[in-house]
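Structure first, then comments.
The values are calculated or read from the model by the stated rules, or taken from the named source; none is laboratory data. Since this is a predicted model, take the numbers as computed values, not measurements. We place every Cβ from the backbone using ideal geometry, glycine too, and count neighbours over all the protein chains shown.
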Amino acid sequence: MPELILTNARILTMDPANPRAEAVALRQGKILALGARAQIEALAGPGTQVIDAKGRTVLPGFVESHLHLVLGGAELAHLYVGGVRGVDALRAAFAGFAAKNPDAPLLMAQGGDHAMLDHPMTRADLDQVFPSRPIAITAHDHHTVWANTAALRAAGILQGAVMPHGHEVVMGPDGLATGELREFEAFAPVIALGGEERLNLGIATGGEPSPWPSDAELAIDRAKVLRGLKHCAAHGITSMVNMDGNRFTLELLDGLRREGNLLARVKVPFHFKPHMELSELDRAVDMSMAFQDDFLSCNFVKMFMDGVVDSRTAYMLNDYPGHPGHRAEPLFPQARFNEIATRIDALGMQMAVHAIGDGAVRTTIDGYEAAQKANGPRDSRHRIEHIELIDPIDIPRIGALGIIASLQPPHPPGAMDFPLEPTLQTLGAHRWKDAYLWKTLAGQGAKIAFASDWPVTDVSVMRGLQAALTRQPYPGCADERLSLMESLHAYTAGGAYAAHWDQLTGVLKPGMAADLVMLEGDVEAIHPDSLGITPVALTICGGRITHQAI
């Protein structure tokens, strides 16, 4: 007898053998049956909960293929300054936030960008905004932080600091930090002022907290992660690939599971940093052995190959326009990356590499190819995250090598919240035709997974879906949008395949996990311009209702 039946629904199963249904029955965390309304309703017993969908769309639960759950949960309590322009507007925003947080050691804002002021932002600008307390603004791409003098002084980096390759405390001609902090280890000392250093270790260093947090500290951290899980559940997300990680992250999630508060399936990687030796992969093996079930898993290594376009830290094959000789550099030279990739692949682990510039993308492809030649082909499903720029000759190599293209519909400038500039100018008009090539990649055989990169962008899948379907081509460029059904597939079955979850979730058919999302209305009839405001009515993960608005 089913425990729960959803009926009178427009069910899009993502199963090619049975693409549509009217009702679905759930039992013991699995899908028992789905089909015609009368057929499924006949299965109900006295203990069955029956929910009338009233014609709403039901889909497999959304798979968020690239996010930073721990950071996102913490940042829900920060000030958001997306779209704020000018010192006066920033001053007003920070004044209100400061009044609500009188004892906060750091006033942290999110959603900044390189065009907030009409010139590059410095600590002097932020001193005008708020001179008396430490304040900082994280760029929307999370690869740059701007801090005022008070924050730099409190963090001990006003006079600069020695940083690992690819991370920089930018210095001014006066011998003091300008306030611009590039990449994670450069701004980690500022983040630490706000008490969130532990939560940033997974992305900043890949290390573990030392000393290990007290029970009280762990409870504080779990509460922030739970806030993130609830936020994601409200957007229909039932599975997620966390794109930074360490053993600490898994332990926090396991603690939430013991409390009954793990609201989604989470895959957590070991974050391999440029300074690490291959022996560090033993930690990844230990993590993978300790966590390998349907709700918490590892067997996965994340790396960064480059930075981002706006700060010109994305590694390019050619010089940045107007900056002769500057292409940035890969965080892992080719020979070293080949060695690392080959070792990880030999361990049977999946890899995901952040690669935004076309140079970084090629370096990553070459490394995956080297691993395949050394170890032989297997169902590795190694991934490239972002692929914002790619040389045309590398496009068919992604599909041919079985590489997953993990793409973010909110990222292209102008598609959602990111402004067109300075990104397009930084790329140069001659390269727009090679940027954000979703349709071209899919057409040449790449498996596609969609995601948000939250908190870099809004985690809302429906806003992301709208961005995917309404994005306009740049002048002189082809239309790179995928269709509605292709986009929904990338948020469900495609994401599940990319995470090696395709035998567990992503498709609605008997025996698969009871992971579902119900949307208000008929998603196939909603105008693309209105998808972003379409509410999630119900989220179910493993047969458990994790969000309900009906």
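Yes or no: residue 523 in the same structural domain as residue 31 (by TED's automatic domain parsing), β-branched (Val, Ile, Thr) and in contact with a Gly (Cβ under 6 Å, 6 or more places away or on another chain)? Here the answer is no, as residue 523 does not meet what is asked. Of the set (1) in contact (Cβ under 8 Å) with a residue 12 or more places away in the chain; (2) over 14 Å from residue 63 (Cβ atoms), all apply to residue 493 but (2). Among the candidates 255, 260, the residue that is surrounded by fewer than 20 Cβ atoms within 10 Å (Cβ to Cβ) and within 21 Å of residue 61 (Cβ to Cβ) is uniquely 260.
Based on this model, can you work out whether residue 148 counts as among the polar types (S, T, N, Q) and without any contact (Cβ under 8 Å) to a residue 60 or more places away in the chain? Even if it seems obvious, please write down each step before you answer.
Details: among the polar types (S, T, N, Q): yes; without any contact (Cβ under 8 Å) to a residue 60 or more places away in the chain: yes.
Spelling it out, residue 148 is indeed among the polar types (S, T, N, Q) and without any contact (Cβ under 8 Å) to a residue 60 or more places away in the chain.
Residues considered: 550, 540, 526. Of these, the only one that is more than 29 Å from residue 112 (Cβ to Cβ) and modelled with pLDDT under 95 is 550. In region 80-169, counting only helices (runs of 4 or more DSSP H) that sit wholly within it, the ones holding 3 or more residues that are loosely packed, with under 14 Cβ neighbours inside 10 Å span 87-100. You will find that of 242, 200, the residue that is modelled with pLDDT under 95, in contact with a helix residue (DSSP H, G or I) (Cβ under 8 Å, 6 or more places away or on another chain) and within 28 Å of residue 461 (Cβ to Cβ) is 200 and no other.
Being closer than 26 Å to residue 492 by Cα, buried (at least 21 other Cβ atoms within 10 Å of the Cβ), of a type in the set (Gly, Ala, Ser) and touching a residue at least 60 places away in the same chain (Cβ under 8 Å) is a condition met by no residue of region 206-225. Within region 438-462, residues that are charged (D, E, K, R) sit with their Cβ atoms under 9 Å from residues that are part of a strand (DSSP E or B), at 6+ positions apart or across chains, in these pairs: 447/404; 447/405; 453/66; 453/67; 453/385; 453/386.
In the condition set (1) closer than 22 Å to residue 224 by Cα; (2) touching a residue at least 60 places away in the same chain (Cβ under 8 Å); (3) of a type outside the set (Gly, Ala, Ser); (4) out of contact with any helix residue (DSSP H, G or I) (no Cβ under 9 Å at 6 or more places or on another chain), residue 106 is compliant with all but (4). Which count do you get for residues in region 207-234 that are within 17 Å of the chain's Cα centre (by Cα), in a helix (DSSP H, G or I) and small (Gly, Ala, Ser)? Residues that pass the stated criteria total 2.
Comparison of 248, 270 shows that the only residue that is touching a helix residue (DSSP H, G or I) at 6+ places or on another chain (Cβ under 8 Å) and under 30 Å from residue 335 (Cβ atoms) is 270. Being within 30 Å of residue 28 (Cα to Cα) and not assigned by TED's automatic domain parsing to the domain that holds residue 143, is that true of even one residue in region 300-312? Taking every residue of region 300-312 in turn, at least one turns out to be within 30 Å of residue 28 (Cα to Cα) and not assigned by TED's automatic domain parsing to the domain that holds residue 143.
Just the residues that are assigned to a loop (DSSP other than H, G, I, E, B) and under 25 Å from the mean Cα position of the chain (by Cα), please, taken from region 170-197.
Selection gives 183, 194, 195, 196.
Here residue 433 does not qualify as of a type outside the set (A, V, I, L, M, F, W, C), over 19 Å from the mean Cα position of the chain (by Cα), in the same structural domain as residue 357 (by TED's automatic domain parsing) and within 21 Å of residue 66 (Cβ to Cβ). Residue 58 - would you say it is surrounded by fewer than 16 Cβ atoms within 10 Å (Cβ to Cβ), among the hydrophobic types (A, V, I, L, M, F, W, C), in contact (Cβ under 8 Å) with a residue 40 or more places away in the chain and out of contact with any Gly (no Cβ under 9 Å at 6 or more places or on another chain)? Spelling it out, it is not the case that residue 58 is surrounded by fewer than 16 Cβ atoms within 10 Å (Cβ to Cβ), among the hydrophobic types (A, V, I, L, M, F, W, C), in contact (Cβ under 8 Å) with a residue 40 or more places away in the chain and out of contact with any Gly (no Cβ under 9 Å at 6 or more places or on another chain). Which of the residues belonging to region 34-67 are among the small types (Gly, Ala, Ser) and in contact with a helix residue (DSSP H, G or I) (Cβ under 6 Å, 6 or more places away or on another chain)? Matches in region 34-67: 65 only. One residue stands out in region 172-190 among those that are of a type in the set (A, V, I, L, M, F, W, C) and within 20 Å of residue 308 (Cα to Cα): the one that is surrounded by the fewest Cβ atoms within 10 Å (Cβ to Cβ), namely 188. When residue 388 is tested against (1) more than 20 Å from the chain's Cα centre (by Cα); (2) at pLDDT 95 or above, just one condition goes unmet, and that condition is (1). Among the residues making up region 18-52, those that are part of a loop (DSSP other than H, G, I, E, B) and in contact (Cβ under 8 Å) with a residue 40 or more places away in the chain are 18, 28, 29, 43, 44, 45, 47, 48. Would you check which residues across region 396-406 are over 14 Å from residue 490 (Cβ atoms) and either within 22 Å of the chain's Cα centre (by Cα) or not in a loop (DSSP other than H, G, I, E, B) (or both) and list them? Matches in region 396-406: 396, 397, 398, 399, 400, 402, 403.
Of all residues in region 488-498, none satisfies being modelled with pLDDT of 95 or more, surrounded by fewer than 21 Cβ atoms within 10 Å (Cβ to Cβ) and not assigned by TED's automatic domain parsing to the domain that holds residue 350.
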